[in-house]
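The values are calculated or read from the model by the stated rules, or taken from the named source; none is laboratory data. Remember, it's a predicted structure, so these values are computed and weren't measured experimentally. Quick reminder, even Gly has a Cβ in these numbers, built from the backbone with ideal geometry, and neighbours come from all protein chains shown. Keep in mind that these areas ignore ligands, DNA and RNA; they rest on the heavy atoms of the full protein, side chains included. Shrake-Rupley method; radii C 1.70, N 1.55, O 1.52, S 1.80 Å.
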Amino acid sequence: MFGLNKEIKIDTDPKKIDELLSRGVEEIVDRENLEKKLKNGKQLRIKLGIDPTSPNIHIGRSIPILKLKDFQELGHKIVFIIGDFTGVIGDTSDKESERPMLLEEQVKKNMQNYIDQVGKIIDIQQCEIHYNSEWLGKLGYKELCEQSDVFSLSNFISRENIKKRLDGGKRISLRELWYPLMQGYDSVAIKADVEIGGTDQKFNLFAGRDLQKHYKQEPQDIITNPLIEGLDGRKMSSSWGNTINLLDDVNDMYGKVMSLKDDFIIKYFTFVTRVPLEIIEQHKKSLESGTNPRDIKMKLAYELVRLYHGKEKAKEAEENFEKTFAKGGVPDDVVEVSVAKGIMFVDILLAEKLIISKSEYRRLISEGAITKMASPGDTNRPREDGSKITEIDFKVSNGTYKIGKRRFIKIKVI
């Protein structure tokens, strides 16, 4: 657990409080009570928990983390909980089918870099960091039965996704009944004043309020944040692979943003950056007046790379994108390898980890997504007007190849 002891002055600026309670916010439970506390200058304990069901935190999850940052900048105490216990159990709040239990070893592996990732947004040294196995691992049947008595079965099965599964005849395990109690007890354990979570977490967030009342604590206020679409237009989710991750390579992050649907530009600016709202409004008006969305999207891509990798890397990614995509060229940092004559192209791509499997290679071939770049000739770099690779058993020759949208390799046959 982190958290330095230093004198904190609470900022009660009405304008800052208003933006805190509006930007990236879907709903506030007991807003009047929360606003009063904020204006009175009381330091609040702000809770967010994330289950490490994937090694990467994506920018959809950055929405509540950025809200933690907003609270932190006003002087409030951030309590970040890594759900090493609940991650094993599995939350099905937003799932259409039962989420299987994970192995403890997998959860431990997933969460190795979570603090570093969250630390890209908030000041970790001024936070409390907890793993909820600290308290959940100590509870037994007696405590579980006591907590279960606070809720009725009808409370649980009336939830939209649970009712949908029941109506469809899908299995619901008893284990799924206990997850909201576990997340709710987290709030009791750390005495949360406010809990932040996605709209799909609403039942779990209210469970925290109910359990705090049971344990004679003041019930937490709740802030729900909206969910954002991923690269394919569906809700951003690691299980669908449509994510932009905080640890993505700079060029990959920039390129992913540039592949985003134009309709999501302003939403992304508002929810996953802290670009001033006045500037975002200017971007919105520019789009409405006919400005090429690509130009505004480049500003968004730059801002996200800057946020997670710094200004210098953001500028490099921007210049690289211009060279590579806008002008049809090849990036300066392309992978270069020397290989023996007769080596299969697929084996090189696998060895350099530019593809993950031979099935991916076959798919790329079938989609015409692998190209040998034309010789630069009199120009200063290869261009994207070369021939497509169509043979599964293709053996490479000297040249530069483009794999998919953002991967390149330069091969020298020796």
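Observations on the structure shown:
- Å³ per residue enclosed by the Cα convex hull of region 216-323: 145
- Top positive-direction residue, dipole computed over region 112-249 with Cβ charges, set W135, I157, G241: I157
- For the chain, the Cβ-based charge dipole about the Cα centre amounts to some 560 debye (Lys, Arg positive; Asp, Glu negative; other atoms uncharged).
- For region 145-283, fraction of C-alpha pairs farther apart than 26 Å, in %: 44
- For the chain, the solvent-accessible area works out to 50 Å² per residue, with a probe of 1.4 Å and every protein chain left in place.
- Overall form of region 33-161 per C-alpha gyration tensor (a/c, 1.5; a/b vs b/c): oblate
- Sparse-neighbourhood loop sites, trypsin sites (Lys or Arg not before Pro) in region 1-75 - DSSP loop, at most 16 other Cβ within 10 angstrom: K6, K9, K42
- Value of Rg/Rh across the chain [Cα atoms, Kirkwood radius]: 1.03
- Put a dot 7 Å past the Cα of I8, heading toward its Cβ, do the same for K341, and the two dots end up 7.0 nm apart.
- Charge dipole (debye, nearest 20) of region 231-310; +1 at Cβ of Lys and Arg, -1 at Cβ of Asp and Glu: 120
- With a Förster radius of 30 Å applied to the beta-carbon distance between R294 and E26, the computed FRET efficiency rounds to 0.55.
- Taking the accessible area of the chain, probe 1.4 Å, and keeping the other protein chains in place, the carbon and sulfur fraction comes to 49%.
- Pairwise FRET efficiency - N155 versus E218, Cβ, R0 = 25 Å, nearest 0.05: 0.70
- Of all DSSP-defined beta bridges confined to the chain, some 40% are antiparallel rather than parallel.
- Label-point separation in nm, S54 to D232, each point 7 Å along Cα→Cβ: 1.2
- Positive-end residue, the chain charge dipole about Cα centroid, Cβ charges, pick of I348, P55, V194: I348
- For the set K341, K256, the ranking by accessible area, highest first and with no ligand, DNA or RNA atoms included, is K341, K256 under a 1.4 Å probe.
- Total charge dipole magnitude, region 2-63, about the Cα centre, Cβ charges on Lys, Arg, Asp, Glu only, Debye to nearest 20: 280
- Along the chain, the longest continuous region that contains none of the GluC sites (Glu not before Pro) in a DSSP loop with at most 12 other C-beta atoms within 10 Å is 97-366.
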